[in-house]
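Asks: My structure is below; once you've seen it, I'll send some questions.
The values are calculated or read from the model by the stated rules, or taken from the named source; none is laboratory data. Predicted, not measured: the structure shown is a model, and the values here were computed from it. Cβ placement follows ideal geometry from the backbone for every residue including glycine, while neighbour counts extend to all protein chains displayed.
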């Protein structure tokens with residue numbers, strides 16, 4: 001068998017790997033549009049960066065980060081119960097130390113029992129008030145904090161290098177797999193060509 005027939009699958013494997021490698025590189029390069037022989041070349045991600053930013057902004061604001069879900073978690077009675085001990089500790093310090101320091105007459109007039117009663121009233125009121133406050137706060141925050149706009153602006157301002165670096169970190173193994181698949185398919189095609197050539201001789 002001629003050495004040319006033997007090397008055909010190797011050349012085909014190289015061509016398969018190289019074309020896939022070029023295709024992956026063309027996702028990010030060239031950064032700016034370049035005309036070659038009248039044809040404009042521009043990396044897919046740099047070209048579509050603003051569209052990518054808009055799609056990501058919608059995804060984040062509508063599905064990944066929902067203000068209603070955050071509000072539900074924060075105002076959930078079980079979660080409110082978790083922060084009550086912290087609030088109780090602060091109220092205790094306020095009634096026993098700060099109030100007596102700021103207004104000494106009150107410290108002289110109220111005893112431990114009265115302080116406990118006042119604290120109990122405070123805690124009951126806070127337990128009812130906290131979910132309402134959180135709902136009002138989240139409603140205000142939702143109107144003031146436009147997540148979609150923030151994501152669009154941030155992603156839209158990414159440098160092409162940063163965008164390429166982020167996507168390579170996420171998909172480096174997938175890119176490598178695509179390159180290997182190209183080499184394997186190229187080798188198989190080259191092998192088929194050799195078999196056809198041998199069979200027709």
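Asks: Does residue 166 qualify as being assigned to a helix (DSSP H, G or I), more than 25 Å from the chain's Cα centre (by Cα) and surrounded by 12 or more Cβ atoms within 10 Å (Cβ to Cβ)?
Replies: no
Asks: Can you give me the ranges of the helices (runs of 4 or more DSSP H) entirely in the stretch 39-103 with at least 2 residues that are within 16 Å of residue 146 (Cα to Cα) and at pLDDT 80 or above?
Replies: In the stretch 39-103, the matching helices (runs of 4 or more DSSP H) lie at 49-59.
Asks: Pull up the stretch 108-142, narrow it to residues that are under 14 Å from residue 77 (Cβ atoms) and in contact (Cβ under 8 Å) with a residue 60 or more places away in the chain, then point me to the one that is surrounded by the fewest Cβ atoms within 10 Å (Cβ to Cβ).
Replies: 135
Asks: Can you spot a residue in the stretch 173-186 that is more than 26 Å from residue 47 (Cβ to Cβ), more than 33 Å from the chain's Cα centre (by Cα), in contact (Cβ under 8 Å) with a residue 12 or more places away in the chain and surrounded by fewer than 15 Cβ atoms within 10 Å (Cβ to Cβ)?
Replies: yes
Asks: Only one of 158, 130 is in contact with a helix residue (DSSP H, G or I) (Cβ under 9 Å, 6 or more places away or on another chain), outside any helix (DSSP H, G or I) and at pLDDT below 80; which?
Replies: When all the criteria are applied, what remains is 158.
Asks: Turning to a different aspect of this structure: Determine, yes or no, whether residue 148 is in contact (Cβ under 8 Å) with a residue 60 or more places away in the chain, surrounded by 11 or more Cβ atoms within 10 Å (Cβ to Cβ), farther than 30 Å from residue 25 by Cα and in contact with a helix residue (DSSP H, G or I) (Cβ under 7 Å, 6 or more places away or on another chain).
Replies: Answer is no for this residue.
Asks: Take the residues in the stretch 28-40 that are without any contact (Cβ under 8 Å) to a residue 40 or more places away in the chain and surrounded by 14 or more Cβ atoms within 10 Å (Cβ to Cβ), then tell me which one is nearest to residue 165 (Cα to Cα).
Replies: The selected residue is 29.
Asks: Filter the stretch 110-121 for residues that are closer than 17 Å to residue 100 by Cα and part of a helix (DSSP H, G or I) and give the result.
Replies: Listed by number, the residues that qualify are 112, 113, 114, 115, 116, 117, 118, 119.
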